[in-house]
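The values are calculated or read from the model by the stated rules, or taken from the named source; none is laboratory data. Just so it is clear, the structure is predicted and the values come from calculations on it, not from any experiment. Glycine also receives a Cβ, built like all others from the backbone with ideal geometry; neighbour counts cover every protein chain displayed.
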Amino acid sequence: MMDRRISMTACCALLLIASGSKTLYAACEFTVQGEGHVSSVLDARTIRLADGRDVRLSGIEIADDATGRSKDALAGLIGGRAVTLRAPDDTPDRYGRQPTFVTLEGTDRPVQFDLLNRGDAFASPSVRDQPCSRALLAAEAIARSARRGIWAGSAALKNAKSADDILSRRGRFTVVEGTVSSARLAGATFYVNFGRRWTRDFAVTISRRMMASVEATGIDLKSLKDKRVLVRGWIETRGGPGRGPRIEVTQAGQIEIIGAARPGESLAATATVPEEEGK
C-alpha cells in the first residue's frame, strides 16, 4: 500500500524536519506583497482581510468531502490573526482574489504547510516555481505516509486500476496511484496508460507542447513503463459513454515517480494507442 511507503521526496523532507531545518518551506518564501488582519475565513482556501481584500491560498487544493473540516482548520490557524502575504507578484485571479502564500506574524512558515502536514489539503500542481512545488509535494507526502487527516482512509488516494471509482470523481481534483502499463506518443498527444483497455481504463494525457516541461522535472516520459507513479489533477472523460477516466497534464508537477513496479505486478504493454485517440 502506498501509505506504507515514503517517496524519496518525503524522505528528504522528514530529514529536514527532524534536523529543525526551515529548508522545506523556505522554497516558498516569495516577495512580500502586503500585510493585514484576517477578518473572516470564507472557505477552506479563501480569507478576507480587515481592509476588504480577499486572499486565495496558493499551492493547495481541498478535498471536496473535507471542505468543512479544512475550513475549520484554516480558521483555527489564522482567524483574527495578523498575516503577511508572499507571492511572485500581486496579480489577482479572475475573481479579484489575491493568490498568495500566507504567513502568521512572527513566523515565516506559510500556513499552507501546516494544512498539508495535518492532512487537511492536497498539494496543488499549479505552482510554477519548481523548488516550491517540490516542497509542497513533500509536505503532503509526509501526511500521506503518516495517514493523517484525509489520508486516514482510502478515499483520498485512488487506485489507477479502479476506473469506475476514479470516474465517480469526474470534474473533481483527485490523486491517483498506479503502475504504468505503457507510455507512448500518438500524434500530438503522449499517453500514459494504466491498463490494457485504453478506451476504458484510467490514462493520463500530455500534449506534445507540454512534454518538455514535464521532462524538465527529471521525468523521462518514454521510460515510464512499469514505474509506479502518483498523478494529480481533475478527472475528465472524452469520447462519450463507456470511455474511461482521464487526467490531462497541464502543469509539470502533476506526475511524480514513486518507485518501480512491485514483483509480479508489472503489466505487459499489450495495449496500443490508435492514432485517432485524442482527436
Check: Which one of these does VAL55 not meet: (1) part of a loop (DSSP other than H, G, I, E, B); (2) over 25 Å from TRP151 (Cβ atoms); (3) under 22 Å from the mean Cα position of the chain (by Cα)?
Finding: (1)
Item checked: Residue match in segment 50-58 (condition: of a type outside the set (Val, Ile, Thr) and in contact with a helix residue (DSSP H, G or I) (Cβ under 9 Å, 6 or more places away or on another chain)) -> yes
Notebook entry, point to check: Yes or no: GLY253 modelled with pLDDT of 95 or more, of a type in the set (Gly, Ala, Ser) and not in a loop (DSSP other than H, G, I, E, B)?
Noted result: no
Checklist line | segment 181-191, subset without any contact (Cβ under 8 Å) to a residue 60 or more places away in the chain and surrounded by 21 or more Cβ atoms within 10 Å (Cβ to Cβ), residue nearest to ARG209 (Cα to Cα) | finding: PHE190
Notebook entry, point to check: Can you name the strands (runs of 3 or more DSSP E) wholly within segment 118-206 that have at least 1 residues being small (Gly, Ala, Ser) and either in contact with a Lys or Arg (Cβ under 8 Å, 6 or more places away or on another chain) or under 18 Å from ARG228 (Cα atoms) (or both)?
Noted result: 173-179, 182-186
Next item on the list: Quickly run through segment 73-85 and pick out the residues that are assigned to a helix (DSSP H, G or I) and over 21 Å from the mean Cα position of the chain (by Cα).
Entry: ALA75, GLY76, LEU77, ILE78
